[in-house]
Amino acid sequence: MKKVIIIGGGVIGLCSAYYLIKEGHQVTVIDQSSMDHGASYVNAGYLTPSHFIPLAAPGVMKQGLRSMFDPTSPLVIKPRFNRHFLQWAWAFSRSCSASNVTQSIKIIKDINLWSADLFSEIRSSEGFTFQLENKGLLILCLTEKMLEEELRLYHIASEEGLDVKQLSTSEINTMEPNVTLNAIGAVHYQCDWHTTPHEFMKEMYDWLKTKGVIFYKNEQVVDILATDGVIKKIITSNDSFAGDEFVLAAGSWSDLLSRKLGIRILLEAGKGYRINVDKHTGITIPTVLAEAKVAVTPMNGFTRFAGTMEIAGVNHKINKVRVDAIAEAAHRYYPDISISNDEKEQAACGLRAISPDGKPYIGKSSKCNNLTIATGHAMMGWSMAPATGKLVAEIISEEKPSFDIDPFSPDRLF
Ligand SMILES: Cc1cc2nc3c(=O)[nH]c(=O)nc-3n(C[C@H](O)[C@H](O)[C@H](O)COP(=O)(O)OP(=O)(O)OC[C@H]3O[C@@H](n4cnc5c(N)ncnc54)[C@H](O)[C@@H]3O)c2cc1C
(Lines give C-alpha, C1' and ligand atoms only; values in the text may rest on other atoms or scores of the structure.)
Protein backbone atom coordinates (compact mmCIF):
# COMPACT_ATOMS: atom_id res chain seq x y z
CA MET A 1 0.00 0.00 0.00
CA LYS A 2 1.29 3.45 -0.90
CA LYS A 3 0.32 6.82 0.42
CA VAL A 4 -0.84 8.74 -2.67
CA ILE A 5 -1.56 12.46 -2.84
CA ILE A 6 -3.66 13.64 -5.81
CA ILE A 7 -3.44 17.31 -6.79
CA GLY A 8 -6.79 18.19 -8.40
CA GLY A 9 -10.27 16.92 -7.66
CA GLY A 10 -11.76 17.20 -11.16
CA VAL A 11 -12.97 14.09 -12.96
CA ILE A 12 -9.41 12.88 -13.65
CA GLY A 13 -8.43 13.24 -9.98
CA LEU A 14 -11.59 11.44 -8.79
CA CYS A 15 -11.27 8.57 -11.28
CA SER A 16 -7.60 8.18 -10.32
CA ALA A 17 -8.64 8.06 -6.66
CA TYR A 18 -11.27 5.42 -7.50
CA TYR A 19 -8.85 3.00 -9.12
CA LEU A 20 -6.11 3.69 -6.55
CA ILE A 21 -8.51 2.76 -3.74
CA LYS A 22 -9.46 -0.39 -5.65
CA GLU A 23 -5.73 -1.26 -5.72
CA GLY A 24 -5.56 -0.86 -1.95
CA HIS A 25 -3.69 2.46 -1.68
CA GLN A 26 -4.28 5.24 0.83
CA VAL A 27 -5.49 8.34 -1.03
CA THR A 28 -5.71 12.07 -0.31
CA VAL A 29 -7.16 14.58 -2.80
CA ILE A 30 -6.27 18.27 -2.59
CA ASP A 31 -8.16 20.89 -4.58
CA GLN A 32 -7.90 24.66 -4.59
CA SER A 33 -11.63 25.04 -5.32
CA SER A 34 -14.88 24.06 -3.63
CA MET A 35 -15.07 21.17 -6.12
CA ASP A 36 -18.42 22.09 -7.62
CA HIS A 37 -17.56 24.03 -10.75
CA GLY A 38 -15.11 24.14 -13.66
CA ALA A 39 -14.58 21.86 -16.63
CA SER A 40 -15.66 18.67 -14.90
CA TYR A 41 -19.05 20.21 -14.11
CA VAL A 42 -19.86 22.31 -17.19
CA ASN A 43 -18.94 19.80 -19.89
CA ALA A 44 -21.35 18.29 -22.40
CA GLY A 45 -21.15 14.87 -20.74
CA TYR A 46 -20.30 13.00 -23.96
CA LEU A 47 -18.40 9.74 -24.07
CA THR A 48 -16.95 10.14 -27.49
CA PRO A 49 -15.32 7.45 -29.60
CA SER A 50 -16.72 9.64 -32.42
CA HIS A 51 -14.23 12.44 -31.60
CA PHE A 52 -11.30 10.51 -33.04
CA ILE A 53 -9.81 13.53 -34.86
CA PRO A 54 -7.44 15.43 -32.54
CA LEU A 55 -7.84 19.20 -32.18
CA ALA A 56 -4.40 19.56 -33.80
CA ALA A 57 -5.50 18.89 -37.38
CA PRO A 58 -4.51 20.62 -40.64
CA GLY A 59 -5.72 24.24 -40.82
CA VAL A 60 -6.78 24.52 -37.15
CA MET A 61 -3.95 26.84 -36.07
CA LYS A 62 -4.67 29.20 -38.95
CA GLN A 63 -8.40 29.08 -38.34
CA GLY A 64 -7.91 29.85 -34.63
CA LEU A 65 -5.63 32.82 -35.29
CA ARG A 66 -7.85 34.16 -38.08
CA SER A 67 -10.80 34.19 -35.66
CA MET A 68 -8.86 36.19 -33.09
CA PHE A 69 -11.00 39.27 -33.69
CA ASP A 70 -14.28 37.45 -34.32
CA PRO A 71 -16.08 37.39 -30.98
CA THR A 72 -18.62 34.84 -32.25
CA SER A 73 -16.21 32.23 -33.63
CA PRO A 74 -16.35 28.81 -31.92
CA LEU A 75 -12.54 28.50 -32.05
CA VAL A 76 -10.22 31.33 -31.08
CA ILE A 77 -6.50 31.43 -30.38
CA LYS A 78 -5.38 34.71 -28.84
CA PRO A 79 -1.60 34.98 -29.08
CA ARG A 80 0.27 36.12 -25.98
CA PHE A 81 3.87 37.14 -26.12
CA ASN A 82 5.27 35.00 -23.35
CA ARG A 83 7.65 32.05 -23.66
CA HIS A 84 5.16 29.44 -22.45
CA PHE A 85 2.47 30.36 -24.96
CA LEU A 86 4.96 30.65 -27.82
CA GLN A 87 6.43 27.18 -27.10
CA TRP A 88 2.96 25.66 -26.99
CA ALA A 89 1.90 27.51 -30.18
CA TRP A 90 4.98 26.30 -32.03
CA ALA A 91 4.35 22.69 -30.95
CA PHE A 92 0.62 22.95 -31.70
CA SER A 93 1.30 24.40 -35.12
CA ARG A 94 3.74 21.57 -35.93
CA SER A 95 1.14 19.02 -34.78
CA CYS A 96 -1.61 20.46 -37.01
CA SER A 97 -0.66 17.95 -39.69
CA ALA A 98 -2.18 15.05 -41.57
CA SER A 99 0.40 12.71 -40.06
CA ASN A 100 -0.59 13.68 -36.49
CA VAL A 101 -4.22 12.97 -37.38
CA THR A 102 -3.37 9.60 -38.95
CA GLN A 103 -1.23 8.56 -35.96
CA SER A 104 -3.84 9.66 -33.41
CA ILE A 105 -7.11 8.26 -34.78
CA LYS A 106 -6.82 4.67 -33.54
CA ILE A 107 -5.32 5.65 -30.18
CA ILE A 108 -8.01 8.23 -29.40
CA LYS A 109 -10.82 5.98 -30.62
CA ASP A 110 -9.63 2.95 -28.64
CA ILE A 111 -9.07 4.73 -25.33
CA ASN A 112 -12.52 6.35 -25.63
CA LEU A 113 -14.19 2.99 -26.34
CA TRP A 114 -12.40 1.39 -23.39
CA SER A 115 -13.27 4.31 -21.11
CA ALA A 116 -16.97 4.11 -22.04
CA ASP A 117 -16.93 0.45 -20.97
CA LEU A 118 -15.31 1.49 -17.68
CA PHE A 119 -18.06 4.08 -17.05
CA SER A 120 -20.61 1.25 -17.36
CA GLU A 121 -18.52 -1.03 -15.18
CA ILE A 122 -18.16 1.59 -12.42
CA ARG A 123 -21.89 2.31 -12.53
CA SER A 124 -22.94 -1.31 -12.22
CA SER A 125 -20.30 -2.44 -9.72
CA GLU A 126 -20.91 0.42 -7.26
CA GLY A 127 -24.69 0.63 -7.76
CA PHE A 128 -24.41 4.24 -8.97
CA THR A 129 -27.45 5.79 -10.63
CA PHE A 130 -25.90 8.66 -12.64
CA GLN A 131 -27.36 9.12 -16.12
CA LEU A 132 -25.50 6.94 -18.63
CA GLU A 133 -27.29 6.47 -21.93
CA ASN A 134 -26.29 5.06 -25.28
CA LYS A 135 -28.43 7.09 -27.69
CA GLY A 136 -25.40 7.93 -29.81
CA LEU A 137 -24.42 11.35 -31.12
CA LEU A 138 -26.05 13.16 -34.04
CA ILE A 139 -23.83 15.47 -36.07
CA LEU A 140 -26.30 17.88 -37.63
CA CYS A 141 -25.32 19.84 -40.76
CA LEU A 142 -26.89 22.96 -42.22
CA THR A 143 -24.70 23.26 -45.32
CA GLU A 144 -23.53 20.98 -48.13
CA LYS A 145 -19.90 21.86 -47.40
CA MET A 146 -20.13 20.70 -43.79
CA LEU A 147 -22.11 17.60 -44.68
CA GLU A 148 -19.42 16.66 -47.20
CA GLU A 149 -16.74 17.02 -44.50
CA GLU A 150 -18.77 15.00 -41.99
CA LEU A 151 -19.32 12.26 -44.58
CA ARG A 152 -15.56 12.09 -45.11
CA LEU A 153 -15.18 11.47 -41.36
CA TYR A 154 -18.07 9.02 -41.45
CA HIS A 155 -16.13 6.88 -43.95
CA ILE A 156 -13.02 6.91 -41.73
CA ALA A 157 -15.18 6.00 -38.72
CA SER A 158 -16.76 3.08 -40.60
CA GLU A 159 -13.33 1.83 -41.65
CA GLU A 160 -12.27 2.06 -38.00
CA GLY A 161 -15.19 -0.20 -37.10
CA LEU A 162 -17.31 2.40 -35.30
CA ASP A 163 -21.08 2.00 -35.35
CA VAL A 164 -22.07 5.01 -37.49
CA LYS A 165 -24.83 5.83 -40.00
CA GLN A 166 -25.60 8.57 -42.50
CA LEU A 167 -29.12 10.03 -42.03
CA SER A 168 -31.46 11.86 -44.39
CA THR A 169 -33.62 14.77 -43.20
CA SER A 170 -36.65 12.53 -42.86
CA GLU A 171 -34.68 9.97 -40.85
CA ILE A 172 -33.47 12.75 -38.52
CA ASN A 173 -37.06 13.92 -38.03
CA THR A 174 -38.17 10.38 -37.26
CA MET A 175 -35.45 10.11 -34.62
CA GLU A 176 -36.30 13.48 -33.07
CA PRO A 177 -40.09 13.78 -33.56
CA ASN A 178 -40.69 16.32 -30.78
CA VAL A 179 -38.51 19.18 -31.93
CA THR A 180 -38.35 21.17 -35.18
CA LEU A 181 -34.96 20.82 -36.81
CA ASN A 182 -33.17 22.80 -39.45
CA ALA A 183 -30.68 20.54 -41.20
CA ILE A 184 -29.92 19.07 -44.60
CA GLY A 185 -28.44 15.85 -43.26
CA ALA A 186 -26.64 14.22 -40.38
CA VAL A 187 -24.34 11.47 -39.29
CA HIS A 188 -25.29 9.37 -36.29
CA TYR A 189 -22.53 7.83 -34.15
CA GLN A 190 -24.42 5.09 -32.36
CA CYS A 191 -21.17 4.24 -30.54
CA ASP A 192 -21.33 7.35 -28.29
CA TRP A 193 -22.86 7.68 -24.84
CA HIS A 194 -23.91 10.60 -22.64
CA THR A 195 -24.09 11.45 -18.96
CA THR A 196 -25.05 14.28 -16.58
CA PRO A 197 -21.65 15.31 -15.19
CA HIS A 198 -22.58 16.63 -11.74
CA GLU A 199 -24.41 13.37 -10.98
CA PHE A 200 -21.29 11.29 -11.62
CA MET A 201 -19.04 13.74 -9.74
CA LYS A 202 -21.29 13.67 -6.67
CA GLU A 203 -21.75 9.91 -6.57
CA MET A 204 -18.02 9.32 -7.06
CA TYR A 205 -17.06 11.90 -4.40
CA ASP A 206 -19.50 10.39 -1.87
CA TRP A 207 -18.30 6.85 -2.64
CA LEU A 208 -14.63 7.83 -2.28
CA LYS A 209 -15.36 9.46 1.09
CA THR A 210 -16.99 6.29 2.39
CA LYS A 211 -13.90 4.35 1.29
CA GLY A 212 -11.61 6.58 3.36
CA VAL A 213 -10.31 9.05 0.77
CA ILE A 214 -9.45 12.30 2.52
CA PHE A 215 -10.40 15.50 0.69
CA TYR A 216 -8.95 18.94 1.26
CA LYS A 217 -11.06 21.56 -0.54
CA ASN A 218 -10.14 25.23 -0.99
CA GLU A 219 -6.52 24.21 -0.38
CA GLN A 220 -4.11 25.36 -3.06
CA VAL A 221 -0.85 23.55 -3.76
CA VAL A 222 1.70 26.34 -3.98
CA ASP A 223 4.99 24.48 -4.07
CA ILE A 224 6.47 21.03 -4.60
CA LEU A 225 9.71 20.12 -2.87
CA ALA A 226 11.87 17.40 -4.42
CA THR A 227 15.37 16.04 -3.93
CA ASP A 228 17.18 13.99 -6.57
CA GLY A 229 14.03 13.52 -8.64
CA VAL A 230 11.87 12.41 -5.72
CA ILE A 231 9.09 14.59 -4.28
CA LYS A 232 9.45 14.86 -0.52
CA LYS A 233 6.41 17.01 0.17
CA ILE A 234 4.01 19.49 -1.29
CA ILE A 235 3.26 22.80 0.30
CA THR A 236 -0.30 24.10 0.31
CA SER A 237 -1.85 27.40 1.33
CA ASN A 238 -2.42 26.06 4.87
CA ASP A 239 -0.28 22.99 5.35
CA SER A 240 2.23 20.54 3.87
CA PHE A 241 1.72 16.93 2.78
CA ALA A 242 4.21 14.09 2.46
CA GLY A 243 3.49 10.92 0.49
CA ASP A 244 5.03 8.01 -1.42
CA GLU A 245 3.47 8.93 -4.76
CA PHE A 246 1.86 12.06 -6.19
CA VAL A 247 -0.61 12.51 -9.05
CA LEU A 248 -0.73 15.79 -10.95
CA ALA A 249 -4.34 16.07 -12.17
CA ALA A 250 -4.66 19.84 -11.91
CA GLY A 251 -6.17 20.33 -15.39
CA SER A 252 -5.20 23.61 -17.03
CA TRP A 253 -3.08 24.57 -14.02
CA SER A 254 -0.89 21.46 -14.22
CA ASP A 255 2.05 23.06 -16.02
CA LEU A 256 2.22 25.87 -13.43
CA LEU A 257 2.93 23.15 -10.85
CA SER A 258 5.14 20.89 -12.97
CA ARG A 259 7.45 23.86 -13.61
CA LYS A 260 8.27 23.84 -9.88
CA LEU A 261 10.04 20.54 -10.60
CA GLY A 262 11.69 21.72 -13.80
CA ILE A 263 9.24 19.60 -15.82
CA ARG A 264 7.83 21.46 -18.79
CA ILE A 265 4.54 20.05 -20.03
CA LEU A 266 3.16 22.16 -22.83
CA LEU A 267 -0.46 23.09 -22.04
CA GLU A 268 -2.88 25.86 -22.85
CA ALA A 269 -6.32 26.45 -21.34
CA GLY A 270 -9.23 26.24 -23.79
CA LYS A 271 -12.24 27.96 -22.30
CA GLY A 272 -15.73 26.64 -23.04
CA TYR A 273 -19.19 27.71 -21.94
CA ARG A 274 -22.41 25.96 -21.08
CA ILE A 275 -26.00 27.15 -20.93
CA ASN A 276 -28.58 25.00 -19.14
CA VAL A 277 -32.19 25.13 -20.29
CA ASP A 278 -34.71 23.77 -17.79
CA LYS A 279 -37.85 24.16 -19.94
CA HIS A 280 -38.92 21.22 -22.11
CA THR A 281 -37.05 21.28 -25.44
CA GLY A 282 -38.15 17.98 -26.95
CA ILE A 283 -34.50 17.08 -27.68
CA THR A 284 -33.81 13.45 -26.82
CA ILE A 285 -30.58 12.67 -28.67
CA PRO A 286 -27.20 14.32 -27.99
CA THR A 287 -26.36 16.46 -31.00
CA VAL A 288 -23.43 18.47 -32.30
CA LEU A 289 -24.51 21.47 -34.37
CA ALA A 290 -21.68 20.97 -36.83
CA GLU A 291 -21.04 24.42 -38.31
CA ALA A 292 -21.45 26.17 -34.94
CA LYS A 293 -19.51 23.50 -32.99
CA VAL A 294 -22.16 23.56 -30.28
CA ALA A 295 -22.85 20.41 -28.26
CA VAL A 296 -26.42 19.76 -27.17
CA THR A 297 -27.11 17.21 -24.45
CA PRO A 298 -30.44 16.04 -23.05
CA MET A 299 -29.27 15.73 -19.44
CA ASN A 300 -31.26 14.49 -16.49
CA GLY A 301 -33.94 17.19 -16.07
CA PHE A 302 -32.54 19.85 -18.43
CA THR A 303 -30.93 20.42 -21.82
CA ARG A 304 -27.34 21.65 -21.98
CA PHE A 305 -25.90 23.72 -24.83
CA ALA A 306 -22.09 23.86 -24.68
CA GLY A 307 -19.43 25.26 -26.93
CA THR A 308 -16.51 27.55 -27.75
CA MET A 309 -12.80 26.82 -27.59
CA GLU A 310 -11.15 30.07 -26.54
CA ILE A 311 -7.40 29.67 -26.08
CA ALA A 312 -6.57 32.85 -24.19
CA GLY A 313 -4.86 31.90 -20.93
CA VAL A 314 -6.20 30.79 -17.55
CA ASN A 315 -9.21 32.94 -16.66
CA HIS A 316 -12.90 32.39 -15.99
CA LYS A 317 -14.21 35.63 -17.44
CA ILE A 318 -17.58 35.07 -19.10
CA ASN A 319 -17.66 36.66 -22.54
CA LYS A 320 -21.34 37.45 -23.15
CA VAL A 321 -20.86 37.66 -26.93
CA ARG A 322 -19.70 34.04 -27.01
CA VAL A 323 -22.61 32.95 -24.80
CA ASP A 324 -24.99 34.78 -27.19
CA ALA A 325 -23.35 33.00 -30.14
CA ILE A 326 -24.13 29.61 -28.56
CA ALA A 327 -27.75 30.64 -27.96
CA GLU A 328 -28.11 31.97 -31.52
CA ALA A 329 -26.69 28.77 -32.95
CA ALA A 330 -29.25 26.78 -30.97
CA HIS A 331 -32.07 28.87 -32.48
CA ARG A 332 -30.65 28.46 -35.99
CA TYR A 333 -30.79 24.66 -35.84
CA TYR A 334 -33.89 24.42 -33.61
CA PRO A 335 -36.06 27.39 -34.77
CA ASP A 336 -38.66 26.78 -32.05
CA ILE A 337 -36.12 26.99 -29.23
CA SER A 338 -35.18 30.39 -27.85
CA ILE A 339 -32.74 30.60 -24.98
CA SER A 340 -33.84 33.36 -22.60
CA ASN A 341 -31.73 36.17 -21.17
CA ASP A 342 -32.08 34.60 -17.72
CA GLU A 343 -30.71 31.30 -19.02
CA LYS A 344 -27.82 33.10 -20.71
CA GLU A 345 -27.05 35.01 -17.53
CA GLN A 346 -26.65 31.71 -15.68
CA ALA A 347 -24.01 30.52 -18.20
CA ALA A 348 -20.85 29.06 -16.70
CA CYS A 349 -17.45 28.23 -18.11
CA GLY A 350 -14.61 25.77 -17.64
CA LEU A 351 -11.06 25.31 -18.89
CA ARG A 352 -9.95 22.35 -20.98
CA ALA A 353 -6.23 21.54 -20.71
CA ILE A 354 -4.95 21.38 -24.29
CA SER A 355 -1.77 19.52 -25.20
CA PRO A 356 -0.17 20.41 -28.54
CA ASP A 357 -0.98 17.13 -30.32
CA GLY A 358 -4.48 16.44 -28.99
CA LYS A 359 -3.42 13.47 -26.87
CA PRO A 360 -3.37 13.57 -23.08
CA TYR A 361 -0.31 13.29 -20.86
CA ILE A 362 -0.56 10.10 -18.81
CA GLY A 363 2.57 8.73 -17.17
CA LYS A 364 5.73 9.64 -15.33
CA SER A 365 8.25 12.20 -16.45
CA SER A 366 11.81 10.90 -16.46
CA LYS A 367 12.64 13.90 -14.25
CA CYS A 368 10.62 12.72 -11.25
CA ASN A 369 10.23 9.16 -9.94
CA ASN A 370 7.14 9.56 -7.81
CA LEU A 371 4.96 11.91 -9.86
CA THR A 372 2.33 10.58 -12.27
CA ILE A 373 1.00 13.23 -14.62
CA ALA A 374 -2.61 12.94 -15.85
CA THR A 375 -3.83 15.93 -17.80
CA GLY A 376 -4.09 17.54 -21.26
CA HIS A 377 -7.25 15.71 -22.39
CA ALA A 378 -8.71 18.76 -24.18
CA MET A 379 -12.28 18.07 -25.40
CA MET A 380 -12.24 14.45 -24.23
CA GLY A 381 -11.27 14.56 -20.56
CA TRP A 382 -14.71 13.52 -19.41
CA SER A 383 -14.86 10.64 -21.85
CA MET A 384 -11.34 9.42 -21.11
CA ALA A 385 -11.47 9.88 -17.32
CA PRO A 386 -12.07 6.29 -16.13
CA ALA A 387 -9.42 4.95 -18.53
CA THR A 388 -6.98 7.61 -17.33
CA GLY A 389 -7.72 6.83 -13.69
CA LYS A 390 -7.18 3.13 -14.26
CA LEU A 391 -3.86 3.77 -16.02
CA VAL A 392 -2.73 6.07 -13.19
CA ALA A 393 -3.48 3.33 -10.63
CA GLU A 394 -1.67 0.72 -12.72
CA ILE A 395 1.41 2.95 -13.09
CA ILE A 396 1.55 3.64 -9.34
CA SER A 397 0.98 -0.04 -8.52
CA GLU A 398 3.83 -0.91 -10.91
CA GLU A 399 1.57 -3.12 -13.03
CA LYS A 400 1.65 -3.47 -16.79
CA PRO A 401 -0.74 -0.78 -18.09
CA SER A 402 -3.89 -2.13 -19.77
CA PHE A 403 -3.33 0.30 -22.67
CA ASP A 404 -0.13 1.36 -24.43
CA ILE A 405 0.82 4.61 -22.70
CA ASP A 406 3.85 5.48 -24.86
CA PRO A 407 1.85 7.95 -27.01
CA PHE A 408 0.82 9.77 -23.81
CA SER A 409 4.34 10.18 -22.41
CA PRO A 410 4.84 13.57 -20.68
CA ASP A 411 8.39 13.50 -22.09
CA ARG A 412 7.30 13.31 -25.72
CA LEU A 413 8.57 15.91 -28.15
CA PHE A 414 6.40 17.70 -30.69
C1 LIG B 1 -17.81 23.51 -22.29
C2 LIG B 1 -17.06 22.21 -22.19
C3 LIG B 1 -17.61 21.06 -22.74
C4 LIG B 1 -16.91 19.85 -22.66
N5 LIG B 1 -17.52 18.71 -23.12
C6 LIG B 1 -16.88 17.51 -22.99
C7 LIG B 1 -17.52 16.31 -23.38
O8 LIG B 1 -18.67 16.29 -23.78
N9 LIG B 1 -16.82 15.15 -23.28
C10 LIG B 1 -15.55 15.12 -22.81
O11 LIG B 1 -14.95 14.07 -22.78
N12 LIG B 1 -14.94 16.25 -22.38
C13 LIG B 1 -15.57 17.44 -22.45
N14 LIG B 1 -14.97 18.57 -22.01
C15 LIG B 1 -13.61 18.49 -21.44
C16 LIG B 1 -13.64 17.95 -20.03
O17 LIG B 1 -14.61 18.62 -19.28
C18 LIG B 1 -12.27 18.14 -19.40
O19 LIG B 1 -11.28 17.58 -20.24
C20 LIG B 1 -12.20 17.45 -18.03
O21 LIG B 1 -13.22 17.92 -17.19
C22 LIG B 1 -10.83 17.71 -17.42
O23 LIG B 1 -10.83 17.19 -16.12
P24 LIG B 1 -9.60 17.45 -15.15
O25 LIG B 1 -9.89 16.73 -13.89
O26 LIG B 1 -8.35 17.15 -15.88
O27 LIG B 1 -9.58 19.02 -14.96
P28 LIG B 1 -10.48 20.00 -14.08
O29 LIG B 1 -11.89 19.57 -14.09
O30 LIG B 1 -10.15 21.37 -14.54
O31 LIG B 1 -9.93 19.75 -12.63
C32 LIG B 1 -8.67 20.19 -12.22
C33 LIG B 1 -8.77 20.53 -10.76
O34 LIG B 1 -7.46 20.88 -10.28
C35 LIG B 1 -7.62 21.87 -9.31
N36 LIG B 1 -6.34 22.58 -9.16
C37 LIG B 1 -5.67 23.29 -10.11
N38 LIG B 1 -4.54 23.82 -9.59
C39 LIG B 1 -4.48 23.44 -8.30
C40 LIG B 1 -3.56 23.68 -7.25
N41 LIG B 1 -2.47 24.43 -7.44
N42 LIG B 1 -3.83 23.16 -6.05
C43 LIG B 1 -4.93 22.40 -5.84
N44 LIG B 1 -5.84 22.14 -6.80
C45 LIG B 1 -5.62 22.64 -8.02
C46 LIG B 1 -8.71 22.77 -9.87
O47 LIG B 1 -9.34 23.51 -8.84
C48 LIG B 1 -9.65 21.74 -10.50
O49 LIG B 1 -10.71 21.38 -9.65
C50 LIG B 1 -15.64 19.80 -22.05
C51 LIG B 1 -15.11 20.96 -21.46
C52 LIG B 1 -15.80 22.15 -21.52
C53 LIG B 1 -15.20 23.36 -20.88
* **Any chance Val179 is part of a loop (DSSP other than H, G, I, E, B) and more than 20 Å from the chain's Cα centre (by Cα)** => yes
* Among all residue pairs at least 6 apart or on different chains, which show Cβ distances below 6 Å where the first residue, located in segment 32-50, is over 18 Å from Lys217 (Cβ atoms) and hydrophobic (A, V, I, L, M, F, W, C) and the second is within 6 Å of the ligand (Cβ to nearest atom) and in a loop (DSSP other than H, G, I, E, B)? -> Leu47/Ser383
* **Single residue of Ser125, Ser115, Ser97 found to be of a type in the set (Ser, Thr, Tyr) and crowded, with 17+ Cβ neighbours inside 10 Å** => Ser115
* Condition met for Thr236 (near the ligand (Cβ under 10 Å from one of its atoms), among the β-branched types (Val, Ile, Thr) and open to solvent by less than 40 Å² (accessible area, probe 1.4 Å)) -> yes
* Structure fact -> If we keep only residues of segment 361-408 that are within 16 Å of the ligand (Cβ to nearest atom) and part of a loop (DSSP other than H, G, I, E, B), then the residue nearest to Ile107 (Cα to Cα) is Met384
* To do: Would you list the helices (runs of 4 or more DSSP H) that sit entirely within segment 1-93 and hold 3 or more residues that are within 16 Å of the ligand (Cβ to nearest atom)?
  => 11-22, 39-42
* Asked: For Phe215, all conditions in the list (1) within 14 Å of the ligand (Cβ to nearest atom); (2) assigned to a loop (DSSP other than H, G, I, E, B) hold save one; what is the number of the exception?
  -> (2)
* To do: Can you confirm whether segment 97-108 contains a residue that is more than 13 Å from the ligand (Cβ to nearest atom), under 21 Å from Thr308 (Cβ atoms) and part of a helix (DSSP H, G or I)?
  => no
* To do: Assess whether Gly8 counts as being touching a residue at least 40 places away in the same chain (Cβ under 8 Å), more than 27 Å from Ala157 (Cα to Cα) and either surrounded by fewer than 18 Cβ atoms within 10 Å (Cβ to Cβ) or not basic (Lys, Arg) (or both).
  => yes
* So how many residues does segment 16-54 have that are among the acidic types (Asp, Glu) and over 25 Å from Lys3 (Cα atoms)? -> 1
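The values are calculated or read from the model by the stated rules, or taken from the named source; none is laboratory data. Just so it is clear, the structure is predicted and the values come from calculations on it, not from any experiment. Every residue, glycine among them, receives a Cβ derived from its backbone with ideal geometry; neighbour counts consider all protein chains shown. Surface accessibility is based on the protein's heavy atoms, side chains included, excluding ligands, DNA and RNA. Shrake-Rupley method; radii C 1.70, N 1.55, O 1.52, S 1.80 Å.
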